[in-house]
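K.L.:
Here's a structure for you.
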2 protein chains.
Amino acid sequence: MSKPAGSSGGFSRFRIDFSYDGTDFAGWAKQPTLRTVQGEMLKALTKIFGEDKNDFGMRVAGRTDAGVHALAQVCHFDLTPAQLKRAGRSKITAKRLQTMLTQEIVISNLVEVSHDFDARFSAIGRSYRYLIADRSTKKSPLTSRYVLWVLNDLDTELMQSAADVLVGLHDFGAFCKPREGATTIRELRKLTITRSENQIEVYLEADAFCRNQVRAIVGALIAVGGKKLSIPELATILKGKTRVSAFKVVAPHGLALTSVEYPSDDQLAAQAEKARRLRSPEEISV
Amino acid sequence: MSKPAGSSGGFSRFRIDFSYDGTDFAGWAKQPTLRTVQGEMLKALTKIFGEDKNDFGMRVAGRTDAGVHALAQVCHFDLTPAQLKRAGRSKITAKRLQTMLTQEIVISNLVEVSHDFDARFSAIGRSYRYLIADRSTKKSPLTSRYVLWVLNDLDTELMQSAADVLVGLHDFGAFCKPREGATTIRELRKLTITRSENQIEVYLEADAFCRNQVRAIVGALIAVGGKKLSIPELATILKGKTRVSAFKVVAPHGLALTSVEYPSDDQLAAQAEKARRLRSPEEISV
């Protein structure tokens, strides 16, 4: 691992591994009036280190929309030598940060890292899961905040066949909220549907996702599983590269970020440089 | 199974099996101004069958306090021939009732039963679980509504030894909120403590529980596990039969009713008669 630069006089960078229940947050990104996950994190950091005009340079691996959860989220933030001195390096711990947050956000790890690490731009993979309960799924009120209930039955074998059409390197324009100048080409590495007694899990893995992509893909799979959309129709929609009304962007509460993948330490800086060239600042929200 | 009496001209009795997330309810029992589980169920029944002055004679197996959950709750309600006619017998289904409730309450079954069945008085056993996360437990924001977090580490082997002292037929006066004329003698059949990576589960099984009993027992076990109370001290407290300040009644959100046991059909009436003689109306809340 590279030597943390903070020790050589510049700023110090910290990585936080954390998770959250997104139900009562207006998403990750800080907003002037709404309660957001980043807003709560910044409030906690401000209590420890004082005000910071640049929001401690905080960046997150997967910007989640309102109501979306995260089981393994990653962000980084930077401290100046003065801020570090004020807090005392030994007191910058996961435990201390946790005491300033509700149990909706759980801090699992907080460590100093190299400047080469960028929570967002160094990431080479992200995975999400979307949970569904169809008519024959055994439902529980203790998970209903995390599972989309649909009234009909879904054919999960059909859904898997549809998923196989979507896997690969494609222009996902038909599934993304368009943004000026941003590419919608992504490599969907894995897309599996698994049914158990208590849920149907849609699992997705990609280099990155464009805005709304996961929830639009799940909407399309539900349409296929409910026999409202055929697999050839789905293939045509994918090729069309523009948004259609044949399926819905499903509700956010079924969705959770499940992991973020980073390259080995010597590849962190190169990956960050590459990703910065490819993606616009707002592009990776889901 | 006895023949449902509804078919012979008297009232008809229905059994509902259901579960709920108690977080945003002021407990099971109907209250004039607060939102309760029974209140929501009665509202739904009223929509189907019209107003009923006696609240459809509804009774529940385990009256839960504010914030307590239920994974396998049972209640019954009665319909007159006129109410039955208004609704249409074939339309009295779990699915229909579910459409009138939020996903905080899940109806898993609704069937007509014999008059001998009484959800509360026919029950011969109830079990509860209480979930705890201590310092070394891996915490998740997606279960924090159902798990009590404690800051220190708990010695679960010590807790099991303490549990073994409490198991059996005892006067649990030291653990019950006293009620005029009500017995506090209960048979605690099982009390086990199981640690896994994500939680410590306290599991309790008894004929019935008196008010606050489960949460007081868990409070005592946490005191023992945190080495603030010794096992001989706990034994002395049990023998004393009066409430003490050596432990707390823990928060409700860690608690859930997990099952209710009924005897075979030919024993239902006899059991109900026996229980009615033993217990006061308010006694079985936890």
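K.L.:
Helix B:213-225 against the longest principal axis of chain B: what's the angle in degrees, Cα atoms only, rounded to the nearest 10?
P.N.:
Rounded to the nearest ten degrees, it is 20.
K.L.:
Would any residue of region A:222-236 have its amide N under 12 Å from a label point 7 Å out along Cα→Cβ of residue A:251? List them or say none.
P.N.:
none
K.L.:
Straight distance only, please: which aspartates and glutamates reach the Cα of residue A:43 with their own Cα at less than 19 Å, same-chain residues fewer than 8 apart left out?
P.N.:
Within reach: A:17, A:21, A:24, A:51, A:52, A:55, A:78, A:104.
K.L.:
Hey, rough spin-label estimate for residue B:230 and residue B:11, points 7 angstrom out along Cα→Cβ, what's it come to in nanometres?
P.N.:
5.6
K.L.:
Taking the Cα centre of region A:18-69 as origin and charging only Cβ (+1 Lys, Arg; -1 Asp, Glu), how large is the dipole, in debye to the nearest 20?
P.N.:
In debye, rounded to 20, region A:18-69 gives about 140.
K.L.:
Between 0 and 90 degrees, rounded to the nearest ten: what's the tilt of helix B:268-278 against the longest Cα principal axis of chain B?
P.N.:
Between helix and principal axis, roughly 50 degrees.
K.L.:
In the structure shown, do any of B:53/B:274; A:47/A:85; B:30/B:190; A:53/B:138 have a Cα-Cα gap over 24 Å, and if so which?
P.N.:
Checking Cα-Cα distances, B:53/B:274; B:30/B:190; A:53/B:138 exceed 24 Å.
K.L.:
For residue A:198, which inter-copy label distances result when the label point lies 7 Å beyond Cα on the Cα-to-Cβ vector, reported in nm to one decimal and in ascending order?
P.N.:
For residue A:198, the other copies' label points sit at 0.7 nm, shortest first.
K.L.:
Could you work out the percent of alpha carbon pairs in the protein assembly as shown separated by over 45 Å, rounded to a whole number?
P.N.:
Summing the P(r) of the protein assembly as shown above 45 Å gives 29 percent of all pairs.
K.L.:
Between region B:189-249 and region B:47-84, what is the C-alpha centre distance in whole Å?
P.N.:
31
K.L.:
Follow-up question, since we're still on this one. Scan around residue B:229 for amide H atoms under 5 Å from its own, H built in the peptide plane at 1.01 Å from N, and keep only partners 5 or more places away or cross-chain.
P.N.:
For residue B:229, the qualifying residues are B:224.
K.L.:
I've got another one for you. Fewest first, what order do A:99, A:192, A:184 take by the number of other Cβ atoms within 10 Å?
P.N.:
Going from least to most buried by this count: A:99, A:192, A:184.
K.L.:
A follow-up question, please. Compute the angle between helix A:37-49 and the longest alpha-carbon principal axis of chain A, please, reported from 0 to 90 degrees and rounded to the nearest 10.
P.N.:
Long axis of A:37-49 versus the principal axis of chain A: about 10 degrees.
K.L.:
Another question, then. So how do B:49-55, B:13-19 stack up, highest first, on mean other-Cβ count within 10 Å?
P.N.:
Top to bottom by mean Cβ count within 10 Å: B:13-19, B:49-55.
K.L.:
Could you work out [θ]222 nm for the protein assembly as shown from helices alone, using -39500 (n - 2.57) per DSSP H run of at least four and dividing by all its residues? Round to the nearest 500 deg cm²/dmol.
P.N.:
Taken over the protein assembly as shown, the calculation gives -7500 deg cm²/dmol.
K.L.:
Mind listing the lone cysteines of chain A, meaning no other Cys beta-carbon sits under 4.7 Å from theirs?
P.N.:
A:75, each lacking another Cys Cβ under 4.7 Å.
K.L.:
Name the nearest-to-axis residue of chain B, judged by Cβ distance to the rotation axis taking chain B onto chain A, and quote that distance in whole Å.
P.N.:
Residue of B nearest the axis onto A, distance in Å: B:145, 4.
K.L.:
Let me have the relative contact order for chain A, percent, based on Cα pairs under 8 Å that are six or more residues apart.
P.N.:
About 24 percent, as a whole number.
K.L.:
What nm value, rounded to one decimal, do you get for the distance between residue A:203 and residue A:274 when each label is placed 7 Å out toward the C-beta?
P.N.:
2.5
K.L.:
When Cβ neighbours within 10 Å are restricted to other protein chains, what is their mean count per residue of peptide A:142-149?
P.N.:
Rounded to a whole number, the mean comes out at 5.
K.L.:
Could you tell me which residue out of A:159, A:76, A:26 lies farthest along the dipole of the protein assembly as shown toward its positive end? Charges go on the beta carbon: Lys and Arg +1, Asp and Glu -1, centred on the Cα centre.
P.N.:
The Cα lying farthest towards the positive end belongs to A:26.
K.L.:
Now for a separate question. Listed highest first by mean packing, meaning other Cβ atoms within 10 Å per residue, what order do A:209-218, A:118-127 come in?
P.N.:
Per-residue mean Cβ counts within 10 Å order the peptides as A:209-218, A:118-127.
K.L.:
Now, a different point. Could you tell me what fraction of 2.2 N^0.38 Å the Cα radius of gyration of chain B comes to, as a two-decimal ratio?
P.N.:
Compared with the compact-globule rule of thumb, chain B sits at 1.06.
Each value in this text was obtained by applying a stated rule to the coordinates, not by laboratory testing. Just so we're clear, the structure is a prediction, and the values are computed from it rather than from any experiment. Cβ sites come from the backbone with ideal geometry, for glycine too, and all protein chains shown count toward neighbours.
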